[in-house]
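Worksheet: the structure to be examined is printed underneath.
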Amino acid sequence: MPQTIEVPGIGSVEFPDDMSDDQIASAIKANMSPARTPDPSLYSTADTIQNAALKYGKQAARAVGLAGRTILNTAAGAPLAAMDAGVAARNAVSAGDYQLPSKQWNDALNAAGVPQFQTPIEKGGDIAGQMLLGGKLPGPQGMGSLRAPGQTNLAPASFDPKSMRELAFNKARDAGLVVPPATTNPTVLNRFLESWGGKAATAQDASLMNQPKIDALVKSDLGLKATDDAAEGTLAALRKEAANTGYKPVRSVGTIRLDGDYSKALDAIAAPYAKSEKAFPGLNNTDVIATAQSLKQKAVDTDTAVDSIAILRDKADAAFRQGDGGAGKAYKEMAKALEDAIERSLGRRGSGAQKTLQDYRTARQLIAKTHSAEKALNPELGSFDARKLAQQLNAGKPLSGGAKKAGQAAQAFKEATRLLTDSGSVRNTDVILGGGAAALSGNPMPLLYPFSRMAVRDFMLSPAGQGLLATPSRGLPPGAAMGSAYGLLAQ
């Protein structure tokens with residue numbers, strides 16, 4: 001009688017009665033089909049889509065959260081920097097261990113579930129985001145509560161120091177000059193680039209690039225070409241030529257009347273000396289008083305007047321050389337008073353004297369410009385020191401034209417307008433460090449170190465670098481851009 005056996009996966013199977021158990025097992029094993037792997041195409045794609053959606057949804061949510069953290073860090077960066085400084089000072093004074101506000105801030109963001117920056121790419125993105133956002137935020141307002149009672153505003157409500165920096169930068173740029181970007185726009189990026197390129201080296205490269213422009217600006221005032229030499233004796237020759245064309249015709253005009261304005265000017269020049277001399281005889285240079293009195297005439301021949309102007313200027317130069325700046329200034333003012341009187345007299349003579357008057361004015365201006373330029377000239381180099389022109393502006397000297405532009409640039413950007421007498425930013429240490437590192441590591445890459453520093457400096461001072469980096473940001477005040485990245489640096 002056949003044996004019926006239930007075989008898993010197959011069902012009921014009949015086997016002959018005379019088969020042993022081992023034979024039945026072998027038959028089942030030999031005739032059963034191997035387990036087949038299900039065809040992946042038979043699986044439902046719903047799970048795959050769901051898993052992908054969850055994965056990319058989490059990534060998108062994290063990206064949004066990281067962007068939100070960047071925005072929050074940017075907004076809180078400057079206040080946190082100020083508060084941290086106060087807490088740090090308190091800890092130093094009291095030997096306390098108060099937690100920094102920036103740490104509390106980051107702990108609060110973490111507790112609120114705001115994602116943290118983990119990978120270098122995420123941290124770099126945060127820094128870049130804060131740099132971009134930092135310049136867009138408005139500066140701190142409402143500082144009036146910090147003023148002492150009764151204290152008035154120290155500047156108009158509309159005063160904007162950023163506008164002053166931008167104005168100075170635009171003036172320098174219009175004159176063809178360049179500045180280190182961190183000077184006008186101290187962002188994190190500009191500070192980093194200047195640090196890599198070298199602060200002193202960047203300023204020196206800027207000075208070397210600016211010097212030909214400064215020389216050209218001053219020479220243009222003197223009627224010289226940018227390629228003309230400004231060696232010793234050049235300016236004296238210009239003065240002599242101006243005297244021949246402008247002063248010589250005045251000598252033949254004849255007698256002129258010296259008006260009341262001339263007399264008042266002399267009295268004003270001598271008044272401080274006369275007043276103190278009366279109270280303290282011998283205190284002052286009495287020659288100043290005597291010279292002013294001798295010049296108080298009602299009329300003078302123009303030939304004599306021109307000679308007298310030269311004598312007064314010589315006396316002024318001699319006084320300055322002897323260290324008597326007060327007397328030197330007084331003699332210069334007397335010479336100017338006499339020149340002004342001649343000019344007014346020519347102006348009263350009608351149209352016939354207008355050509356003589358115009359040539360006289362032109363000569364006066366050119367001679368004054370040569371004196372200003374001479375004070376800033378390095379005769380050995382044939383170059384003009386913009387910082388000496390700035391000193392003249394600071395002293396109230398009425399410069400004009402290119403000399404004024406160069407002087408104003410030096411007032412705002414002193415290090416970028418220095419007159420260099422050496423090769424500038426050549427750095428042997430850069431080559432030594434790069435070569436030494438390459439030799440020790442066996443890797444030639446460090447040899448690029450000095451070239452990378454030069455490339456960074458060249459880019460910062462290039463037209464593109466000046467346009468992209470040096471233009472002052474219209475956002476946070478100076479240094480606040482550094483504070484905008486404080487949220488990350490404090491983590």
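Values quoted throughout were computed directly from the atomic coordinates according to the rules given, and no laboratory measurement underlies them. Quick caveat, the model's predicted, so the values are computed rather than measured. Virtual Cβ from ideal backbone geometry, glycine too; neighbours counted across all protein chains shown.
Numbers below:
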item: Protection-proxy order for peptides 357-369, 316-328, each taking the mean of Cβ atoms within 10 Å per residue, highest first; result: 357-369, 316-328
item: Residue 98 paired with residue 274, simple spin-label distance in nm, labels 7 Å along Cα-to-beta-carbon; result: 6.6 nm
item: Trypsin sites (Lys or Arg not before Pro) within segment 180-289: DSSP coil, no more than 11 neighbouring Cβ in 10 Å; result: 225
item: Computed E for residue 320/residue 54 - FRET, C-beta separation, R0 60 angstrom, nearest 0.05; result: 0.10
item: Global form of segment 158-213, assessed from the alpha-carbon gyration tensor, a/c cut-off 1.5; result: oblate
item: Cα-based reach from residue 278 at 22 Å (exclusive), listing lysines while leaving out same-chain residues under 8 positions away; result: 264, 296, 329
item: Local net charge near residue 257, Cβ-Cβ under 11 Å (Lys/Arg +1, Asp/Glu -1); result: +3
item: Spin-label pair residue 14/residue 64, simplified geometry with 7 Å Cα→Cβ offset, distance in nm; result: 7.0 nm
item: Nonlocal amide H pairs with residue 383, under 5 Å, H built at 1.01 Å; result: 378
item: Residue 15 long-range amide H proximity, modeled H, under 5 Å; result: 3, 4, 5
item: Residue-span extension gain [residue 226 to residue 294] - 0.36 nm each, minus C-alpha spacing; result: 20.0 nm
item: For residue 412, net neighbour charge (Lys/Arg +1, Asp/Glu -1) across residues whose Cβ lies under 9 Å away; result: +3
item: Set of aspartates and glutamates near residue 103 by C-alpha distance (under 14 Å), chain-local residues within fewer than 8 positions excluded; result: 84
item: Cut-off 20 Å, label 7 Å out along Cα→Cβ of residue 263, residues of segment 305-338 by amide N; result: 305, 334-338
item: Distance violations [Cα-Cα > 22 Å] among 219/405; 275/332; 336/397; 336/375; 199/404; result: 199/404
item: Those residues of segment 369-392 whose amide nitrogen sits under 14 Å from the label point placed on residue 421, 7 Å along Cα→Cβ; result: 377-385
